[in-house]
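The structure appears below as structure tokens.
The values are calculated or read from the model by the stated rules, or taken from the named source; none is laboratory data. Here the structure is a predicted model, which is why all the values come from computation and not from measurement. Note: ideal-geometry Cβ built from the backbone for every residue, glycine included; neighbour counts use all protein chains shown. Side chains are part of the model used for accessible areas, which takes the heavy atoms of the whole protein and leaves out ligands, DNA and RNA. Shrake-Rupley method; radii C 1.70, N 1.55, O 1.52, S 1.80 Å.
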Amino acid sequence: MEFSISKRLQELPPYLFLEIDKAKRKARQEGRDIIDLGIGDPDQPTPDFIIQSLQKAATDPANHRYALDQGMPVLRQAISEWYKERFGVNLEPDHEVLPLIGSKEGIAHFPLAFTNPGEYSLVPDPCYPPYKGGTIFAGGKPYLMPLLEKNKFLPDLKAIPQSVLEKARMIYLNYPNNPTGATCEKDFYEQVINLALKYKLIVISDLAYSEMAYDGYKPLSFLDVDGAKEVGIEFHSLSKTCNMTGWRVGWACGNKALVAGLAKVKSNIDSGIFSAVQVSAVTAIKESGSHISKMCKVYEERRDILRTD
């Protein structure tokens, strides 16, 4: 018997990172020596103090049961405290913070909560694939916003057609940006907030690379801009911050109605993060200051070796 895949699945473009992985395997099979600049997966191990925290938590029978859908209170509290210390942003742990099985799943699931069939998502191009994929799964349509060097790799908001803005539901932002490495400042976020208020857009800020910064620069949070929490939700992950890509732990935070909508989707899809991983995530958030400094120094040295300016 033959089975045809759904039209939505047919609309999905090939998943970029999977295609890159296939190309790498083929090159290695051909005996070629390659330098892997593909998917952003830290080549340094997870710090020992985080691993030890997991080992201890994994032996506690209390952590062997279904996890709470909204995440452990101690984790939500740790996230809110980190946001306050790192960005000066106040978050209510019980209503404005939602732990995720990695930020990818939250970003991909978010459109299911707020996108209606036929509505646009304003998506930077190039971008992290789930921006497009999550939109398509929800029945929406990605509208691509080119990231061009002449615009400092920021989307040209004035170039978006009026007809698209009137049918748009959300806009995705990612700064520090993958893959361009571009950053943005408050004035750009202020422009986005004004646009969102005018057209009733939801702003999705992907802040996965907030700790990957050099030469004394400290990226800001979208939520640290006046009016941001009225229109937006922000995603962060411990994948890059703490070399925990395989652990699958991140979070969404911001507007409580947006957080609640995503939580409702997730309650029907998953049963939460393994509690022992949540415990280790608390340790990572509270104790990773020196790790982040050392990690950035390694990356900065590598960057300097490749610089041509």
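Estimated from the Cβ-Cβ distance and a Förster radius of 41 angstrom, the FRET efficiency linking ASN90 and PHE49 is about 0.90. Applied to region 67-83, the Karplus parametrisation 6.51 cos²θ - 1.76 cosθ + 1.60 on θ = phi - 60° returns per-residue 3J(HN,Hα) values of 7, 5, 4, 8, x, 5, x, 5, 6, 4, 5, 5, 5, 5, 5, 5, 5 Hz, with x for Gly and Pro.
Summary of the geometry: region 49-81 and region 190-204, compared by the centres of their Cα atoms, lie 35 Å apart. Between ASP125 and MET145, LEU147, the built amide H atoms are under 5 Å apart, and every one of these is 5 or more places off in sequence or on another chain. Its relative contact order, with pairs defined as Cα atoms under 8 Å and 6+ residues apart, puts region 1-123 at 12 percent. Using the Cβ-Cβ distance between LYS158 and ASP224 with R0 = 30 Å, the FRET efficiency computed as 1/(1 + (r/R0)^6) comes to roughly 0.80. The residues of the chain have, on average, 53 Å² of accessible surface per residue, using a 1.4 Å probe with all protein chains present. Normalised by the number of residues in the chain, the average gap of Cα pairs under 8 Å and 6 or more apart makes the relative contact order 25 percent. Once the Cβ-Cβ distance of GLU300 and LYS198 is raised to the sixth power relative to R0 = 25 Å, the FRET efficiency obtained is 0.05. Ordering 169-176, 214-221 by mean Cβ neighbour count within 10 Å, with the highest value first, yields 169-176, 214-221. If the chain linking LYS56 and ARG28 were pulled fully straight, counting 0.36 nm for each residue of separation and taking away their Cα-Cα distance, it would gain 6.2 nm. Distances between placed amide hydrogens fall under 5 Å for ILE202 paired with MET170, ILE171, all partners being 5 or more residues away or on another chain.
I'd like the carbon and sulfur percentage of the solvent accessible area for region 54-142, probe radius 1.4 Å, heavy atoms only, ligands and nucleic acids excluded. Kindly include the intermediate steps, with their values, before the conclusion.
Working: 2120 of 4010 Å².
On region 54-142, the fraction of accessible area on carbon and sulfur atoms equals 53 percent.
Summing +1 for each Lys or Arg and -1 for each Asp or Glu among the other residues whose beta-carbon sits under 10 angstrom from that of LYS229 gives -4. The candidate values were (i) 14.4; (ii) 19.0; (iii) 17.8; the one computed from these coordinates for mean projected area of the Cα convex hull in nm² carries the label (ii).
Give me the percent of accessible area attributable to carbon and sulfur for region 184-277, probe 1.4 angstrom. Mind showing how you got there, number by number?
Details: 1740 of 3460 Å².
The C+S portion of the solvent-accessible surface of region 184-277 is 50 percent.
For the pair ILE5 and ALA257, the difference between a 0.36 nm per residue extended length and the Cα-Cα distance amounts to 87.4 nm. Of THR46, LEU75, GLN29, which is farthest towards the positive pole of region 21-97's charge dipole, taken about the Cα centre with +1 and -1 on the beta-carbons of Lys, Arg and Asp, Glu respectively? Among THR46, LEU75, GLN29, the one farthest towards the positive end of the dipole of region 21-97 is GLN29. Ranked by the mean number of other Cβ atoms within 10 Å per residue, highest first, peptides 146-152, 248-254, 190-196 order as 248-254, 190-196, 146-152.
The charge dipole of region 1-104, taken about its Cα centre with unit charges on the Cβ atoms of Lys, Arg (+1), Asp and Glu (-1) only, comes to about 320 debye.
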